[in-house]
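Notes follow the structure.
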Amino acid sequence: MDEKVDERVPVLIVGGSLVGLSTSLFLGRHGVRHLLVEKHAGTSKHPRGRGNNVRTMELLRSAGIEPEVREAASVLAENHGILQARSLTGDDQEWLFKEIDPGGALARFSPTGWCLCSQNDLEPVLLSCARDQGGDLRFSTELLSFEQDATGVTAVVKNRDTGEHSTVRADYLVAADGPRSPVREQLHIGQSGNGDLFHNVSITFRSRQLADVLGERRFIVCYLTNPEADGALLPVDNEEQWVFHAPWHPDRGETLEDFTDERCAEHIRTAIGAPGLDVEITGKAPWHAAERVAERYSQGRVFLAGDSAHEMSPTGAFGSNTGIQDAHNLAWKLAAVLEGAAGPGLLESYESERQPVARATSERASSRSAEHSHPGYSPAVTPGGGRQGGMLTVAMGYSYPRGAVLGADPERPVVPERMQLGGDPGTRAPHMWLVESGERLSTLDLYERSFVLLSASGTPWRAAGQKVAELLAVRLDAYAIGEGPDADLAPEKDGDWAELHGTTAEGALLVRPDGFVAWRSPGAVPDPVAALDEVMTQVLSRA
């Protein structure tokens with residue numbers, strides 16, 4: 001077998017859309033060499049999923065690319081809220097919500113915020129930044145087959161431009177190859193959930209007159225509810241480029257060929273309520289809303305991420321965000337195992353943490369489609385689970401009751417009814433503004449490439465953290481918070497960092513590279529080195 005191998009890499013990523021590109025970026029940030037293969041010639045040209053929630057933006061911030069993403073999203077920076085209307089020219093109109101963050105309450109929880117950036121604009125940013133981090137990303141390259149053994153995965157890939165085949169040997173394979181994942185199918189991994197919910201055709205079109213019809217209205221999406229021509233309208237540039245999602249009913253014998261340019265243009269005019277509107281159809285792409293979660297997230301050395309692991313209704317943009325967060329969770333664990341800091345048992349926590357999040361989130365996405373009467377949604381389809389918390393709670397308030405954490409409440413709901421970010425093990429660590437050498441930063445800015453131990457200045461925890469990092473040869477940064485020469489970080493304003501993080505001035509908080517609390521000590525312990533040594537050993541699943 002070894003004689004036939006053309007290339008060797010620690011990680012092979014299959015799929016070069018949002019999740020695959022994010023996996024590449026995050027692995028690159030950890031210094032993990034990898035190869036990404038994508039069968040298409042380039043990134044997405046169609047303006048699909050666009051809502052990047054606050055947790056995703058936190059991850060892109062920690063990866064150092066938030067400014068680039070904001071720049072790519074600048075054309076839609078003033079678009080907020082969801083409008084529902086029988087037409088855009090009548091009086092029957094209602095804002096389902098007008099602001100994503102009314103009153104600026106989000107600033108209590110995060111140093112960043114939501115960002116409206118279409119997939120066709122975000123993917124080139126991820127691609128460029130992933131390559132800057134050393135990623136080897138090859139488009140027009142297709143996975144033909146793979147097999148795995150106890151020590152790795154052997155894959156055959158094809159260059160679709162030249163027809164050349166090559167064999168790649170990897171320690172691990174990450175399948176980010178979409179909802180019809182050939183990798184998942186080869187592994188015979190089943191799925192659970194309500195299955196197909198509804199079908200739409202996404203129509204891109206050009207209209208210069210539509211901006212005049214809208215006037216000052218700047219929405220993320222408008223659900224148009226005319227029973228003769230319902231659909232969802234999304235702006236691309238607020239001037240002349242637009243997207244319309246039209247219901248498609250294949251169960252009634254309707255085919256894609258039925259969506260002629262003439263039919264689509266007339267449907268859009270009727271839905272908007274402007275019979276004479278100039279409409280030039282520029283593209284069409286079918287898509288399917290479904291609720292499915294893979295029964296397993298891994299098999300051997302192969303891991304599923306993004307749509308290959310879960311499908312969700314697009315309402316709320318939960319699917320792509322959950323996928324990017326899958327990639328972030330998996331990347332630091334692969335890095336820790338590959339560099340020898342963690343045992344292979346750490347990788348088992350990927351499924352135990354991320355699968356429950358996907359189940360809870362997919363149910364919430366289905367419920368939201370029902371709440372918003374998404375075009376094409378059939379009342380006969382019963383969404384799972386009912387309402388679970390608000391958008392913000394689902395986006396960033398989820399927790400890991402089980403996984404690579406110690407002291408988490410196993411009965412805690414994965415998505416609570418209200419936001420609870422108080423330093424509990426298994427939750428995303430709280431945000432607090434700090435000052436370091438005159439520079440302002442959030443506590444969340446500390447978490448990416450290493451474990452972080454937070455404690456008050458004047459306690460033995462920082463020295464213990466430094467000692468354990470040396471003893472175990474792991475990435476562990478220890479910071480003392482307070483005032484005076486012994487402190488590494490100072491609170492920007494009056495505030496008790498320990499109280500915010502659910503501990504005391506004698507206690508400490510251990511945060512994972514993904515920003516989730518791994519362990520918390522409520523106070524002093526007799527031997528902090530021994531305590532921290534034991535905690536790190538268990539969290540990293542080391543024998």
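So that you can scan it fast, the table gives a plain yes or no per residue for (1) of a type in the set (S, T, N, Q); (2) assigned to a loop (DSSP other than H, G, I, E, B):
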| residue | (1), (2) |
| --- | --- |
| Arg263 | no, no |
| Ala271 | no, no |
| Thr282 | yes, no |
| His288 | no, no |
| Arg292 | no, no |
| Gly316 | no, yes |
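Do you know which residues across region 81-104 are touching a strand residue (DSSP E or B) at 6+ places or on another chain (Cβ under 8 Å), within 14 Å of Arg218 (Cα to Cα) and open to solvent by 80 Å² or more (accessible area, probe 1.4 Å)? Hit for region 81-104 is Glu94, nothing else.
For region 228-239, filtered to residues that are touching a helix residue (DSSP H, G or I) at 6+ places or on another chain (Cβ under 7 Å) and assigned to a loop (DSSP other than H, G, I, E, B), the residue that is most open to solvent (accessible area, probe 1.4 Å) is Glu228. Among the residues of region 178-201, none qualifies, meaning not one is modelled with pLDDT under 95, open to solvent by 30 Å² or more (accessible area, probe 1.4 Å), under 32 Å from the mean Cα position of the chain (by Cα) and farther than 30 Å from Ala327 by Cα. Filtering region 1-45 to residues that are surrounded by fewer than 21 Cβ atoms within 10 Å (Cβ to Cβ) and among the small types (Gly, Ala, Ser) leaves Gly31, Ala41, Gly42, Ser44.
Residue-level check: of (1) modelled with pLDDT of 95 or more; (2) out of contact with any His (no Cβ under 6 Å at 6 or more places or on another chain), Leu509 misses just (2). Does Ala150 qualify as being open to solvent by 40 Å² or more (accessible area, probe 1.4 Å) and either within 13 Å of Ile13 (Cα to Cα) or aliphatic (A, V, I, L, M) (or both)? Taking the combined requirement at face value, the residue satisfies it.
Considering region 235-285 alone, what residues qualify as being under 23 Å from Asp196 (Cα atoms), of a type outside the set (Lys, Arg) and touching a residue at least 12 places away in the same chain (Cβ under 8 Å)?
Val243, Phe244, His245, Ala246, Pro247, Trp248, His249, Pro250, Leu256, Phe259, Ala285
Take the residues in region 318-350 that are part of a helix (DSSP H, G or I) and of a type in the set (D, E, K, R); name whichever of them is farthest from the chain's Cα centre (by Cα). The qualifying residue farthest from the chain's Cα centre (by Cα) is Glu348. If we keep just the residues of region 434-456 that are over 22 Å from Glu58 (Cα atoms) and either modelled with pLDDT of 95 or more or acidic (Asp, Glu) (or both), which is nearest to the chain's Cα centre (by Cα)? In this case the residue turns out to be Ser455. If you check Val415, Val435, Val394 for being among the β-branched types (Val, Ile, Thr) and open to solvent by 30 Å² or more (accessible area, probe 1.4 Å), only one passes: Val435. All conditions in (1) over 21 Å from Thr23 (Cα atoms); (2) surrounded by 17 or more Cβ atoms within 10 Å (Cβ to Cβ); (3) among the aromatic types (Phe, Trp, Tyr) hold for Trp114, with the sole exception of (1).
State whether the residues of region 417-429 include one that is in contact (Cβ under 8 Å) with a residue 12 or more places away in the chain, over 24 Å from Ser352 (Cα atoms) and not in a loop (DSSP other than H, G, I, E, B). No; the residues of region 417-429 include none that is in contact (Cβ under 8 Å) with a residue 12 or more places away in the chain, over 24 Å from Ser352 (Cα atoms) and not in a loop (DSSP other than H, G, I, E, B).
Residue count for region 293-332 satisfying the condition of being of a type in the set (Gly, Ala, Ser) and modelled with pLDDT under 95: 5.
Among the listed residues Ile268, Ile281, identify the single one that is in contact with a strand residue (DSSP E or B) (Cβ under 7 Å, 6 or more places away or on another chain), of a type in the set (A, V, I, L, M, F, W, C), open to solvent by less than 10 Å² (accessible area, probe 1.4 Å) and more than 22 Å from Pro179 (Cα to Cα). From the options Ile268, Ile281, the qualifying one is Ile268.
Those strands (runs of 3 or more DSSP E) of region 447-543 in which at least 2 residues are more than 23 Å from Val337 (Cβ to Cβ), open to solvent by less than 10 Å² (accessible area, probe 1.4 Å) and not β-branched (Val, Ile, Thr), considering only elements entirely within it, cover 451-456, 508-511.
A quick yes/no check of all residues on (1) touching a strand residue (DSSP E or B) at 6+ places or on another chain (Cβ under 7 Å); (2) part of a helix (DSSP H, G or I):
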position: Val19; (1), (2): no, yes
position: Leu27; (1), (2): yes, yes
position: Val32; (1), (2): yes, no
position: Leu60; (1), (2): no, yes
position: Val69; (1), (2): yes, yes
position: Val75; (1), (2): no, yes
position: Asn79; (1), (2): yes, no
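Looking only at region 33-53, decide whether some residue is β-branched (Val, Ile, Thr), more than 19 Å from Asp326 (Cα to Cα) and touching a Pro at 6+ places or on another chain (Cβ under 8 Å). Before the answer, list the steps.
First, the residues of region 33-53 that are β-branched (Val, Ile, Thr): 37, 43.
Cutting the leftovers down to more than 19 Å from Asp326 (Cα to Cα) gives us 43.
Checking which are touching a Pro at 6+ places or on another chain (Cβ under 8 Å) leaves us with 43.
Looking for residues that are β-branched (Val, Ile, Thr), more than 19 Å from Asp326 (Cα to Cα) and touching a Pro at 6+ places or on another chain (Cβ under 8 Å), one finds at least one in region 33-53, hence yes.
The values are calculated or read from the model by the stated rules, or taken from the named source; none is laboratory data. Because the structure is predicted, anything quoted here is derived from the model rather than measured. Don't worry about glycine lacking a Cβ; one is built from the backbone with ideal geometry, like all the others, and counts go over all protein chains shown. SASA here: full protein model, heavy atoms, side chains in, ligands and nucleic acids out. Shrake-Rupley method; radii C 1.70, N 1.55, O 1.52, S 1.80 Å.
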